[in-house]
Amino acid sequence: VSDPTLLRGGPLADEITERVGEAVAKLRAAGVVPTLGTVMMSDDPADERFVDYKHDGCAAVGIDTRRVDLQPDAPAEQLYAAVKRLATDEAVTALFVQVPVPDHVDLARVRVSVPPAKDVDCFSPAHLGAVATGDDPLLPATTAAVRRLLDAYDVTLAGREVVVVGRNPAVGRPLVADLLSDRTPLDTTVTVCHSRTTDLAAKTWRADVLVTTAGVPGLIDGSMLSEGVTVIDVSTNRVPDESAETGYTVVGDVDFESAKSKPDAITPVPGGVGPLTLAGLLRNVVELTAEAANSEVSV
Ligand SMILES: NC(=O)c1ccc[n+]([C@@H]2O[C@H](COP(=O)([O-])OP(=O)(O)OC[C@H]3O[C@@H](n4cnc5c(N)ncnc54)[C@H](OP(=O)(O)O)[C@@H]3O)[C@@H](O)[C@H]2O)c1
C-alpha cells in the first residue's frame, strides 16, 4: 500500500500571505490602513493563543490591529459595548469575535451587531445567509481553506459524496452551505454528521471526501474509511504528551496511523488546514478593507 498524498497547507498559505502583503502595501500607499479588531471574552489559554496567532499574522503583513480581551465573568454589556465600539470605529475595517463566549452572553445579539461589511469570518447571520444562497464570494477562512486544498490538489467534487463531521456555526455550517452550492466546481452531495448521529462509520464510509471538524481526537479510524477517500481534518486538538517539550501534541480527529493506508490523500495535523485558515483571514481583512475604500486592490 502506498502512502497517501499529504495535503499540505503551508506552501499554499505562504503564496496567499505574500499576495496579502503586496495588497496591504498598495492599500497603505493609497492611504488606506487595513485594521482588524478582535474581541475575546475568555481566559482559556487556547483562545488566547488563537487570538495571538491572528494578531501576529496581521503584524507580519502590515495589517493594524485593535484588541479587546475581557474576563469570562465580566458583564455581557462590556462585550456588547466593545463590539459596538469596533463596529462603529471608522479606522477598524474588519472585525472578529472569538467564540465560544460565556453562557451569560446573548450570542445572537453579538452576531447581529457585527456589520456584514466588517464581518471577516462569516459571523453575522447576514453573511452566513449569503454563503448559503451562494451570493457572497467572501468565504469564511476555514471554508476557503478547505476549498483551496481540494482545488490545489485537483480533488474532483462535482457529483461526489462529501461527508462533513461537525455542524458548528464557526466551521461546519458555512462549509456545508458552500458545498451545497450548485456552482462549479461544487455540486457535491453532502451528508452532515454531528454528536447525535447514529452509526457514524456507516456515513463516513460512504465518503469520497471526508471533512472532519468535531474536535475529538481519534474519532475517525481506518475502519471508518473506504479506499481512495480524500480526508480533510480541520480539527487541531491538544493531547497531553509528556515526551513533548510543550507537554502536549496537536492531533486531528483522524487517528492517522490506523487511517493512513486508506486515503489517496489526507491533511497532516498540524500543517494542513491551519496555516491556510490564517492566510484566509488575512486575505478577508484586505478584501473588506478594499471594498469599503472603493479600491480595486484584491488578493
Ligand atoms: N484548522 C483550523 O483552522 C481550525 C479553525 C477552527 C477550529 N478548529 C478546530 O476544529 C475543532 C472543532 O472546534 P469547535 O470549537 O468549532 O468545536 P465545536 O463548536 O465543539 O463543534 C464540534 C462539532 O462536532 C460535532 N461533534 C462533537 N463530537 C462528535 C462526535 N463524537 N461525533 C460526531 N460529531 C461530533 C458537534 O456536534 P453537535 O453539534 O451535536 O454538538 C459539533 O457540531 C477543534 O479541534 C478546533 O481546534 C480548527
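Only the coordinates and a few stated rules stand behind these numbers; no lab work does. Fair warning: this is a prediction, and the values are worked out from it, not measured in the lab. Cβ coordinates were reconstructed from backbone atoms using ideal geometry, including for glycine residues, and neighbour counts include every protein chain displayed.
Antiparallel DSSP bridges in the range 180-253: what percent, to the nearest 5? Intermediate results must be reported in sequence, preceding the final value.
Values: 4 of 8 bridges.
Once the DSSP bridges in the range 180-253 are tallied, antiparallel ones form about 50 percent.
Going by the alpha-carbon gyration tensor, a ≥ b ≥ c the square roots of its eigenvalues, is the chain rounded (a/c under 1.5) or, if a/c is not under 1.5, prolate (a/b greater than b/c) versus oblate? Prolate, because a/c is 1.5 or more and a/b exceeds b/c. Compared with the dominant principal axis of the Cα atoms in the chain, helix 76-88 is inclined by about 70°. Computed from Cα positions, the angle between helix 141-152 and the longest principal axis of the chain comes to roughly 50 degrees. Between A60 and T246, the FRET efficiency from the beta-carbon distance, with R0 = 30 Å, is close to 0.85.
Per 0.36 nm of contour for each residue apart, how much would the distance between D103 and S261 grow if the chain were fully extended, relative to their Cα-Cα spacing?
So the extension gain works out to 52.7 nm.
Taking 0.36 nm per residue of sequence separation and removing the Cα-Cα distance, the D44/D182 pair yields an extension gain of 45.7 nm.
Sorted by average packing, counted as other Cβ atoms within 10 angstrom per residue and highest first, what order do 175-182, 153-160 take?
Values: 175-182: 19.6, 153-160: 13.1.
Final packing ranking: 175-182, 153-160.
Each peptide in 240-250, 76-86 receives the mean, over its residues, of other Cβ atoms within 10 Å, and ordering these scores from highest gives 76-86, 240-250. When peptides 116-126, 285-295 are ranked by their average number of other Cβ atoms within 10 Å per residue, the highest-first order is 116-126, 285-295.
Out of the DSSP beta bridges found with both residues in the chain, what percent are antiparallel (nearest 5)? Walk me through the numbers on the way to the answer.
On the way: 4 of 34 bridges.
Given both bridge residues lie in the chain, the antiparallel proportion sits at roughly 10 percent.
Projecting label points 7 angstrom from Cα along Cα→Cβ for D154 and V33 puts them 4.6 nm apart.
The angle separating the long axis of helix 273-292 from the principal Cα axis of greatest extent in the chain is about 30 degrees.
Calculated mean residue ellipticity at 222 nm for the chain: -12000 deg cm²/dmol, from DSSP H runs with n ≥ 4 weighted as -39500 (n - 2.57), summed, divided by the residue count and rounded to 500.
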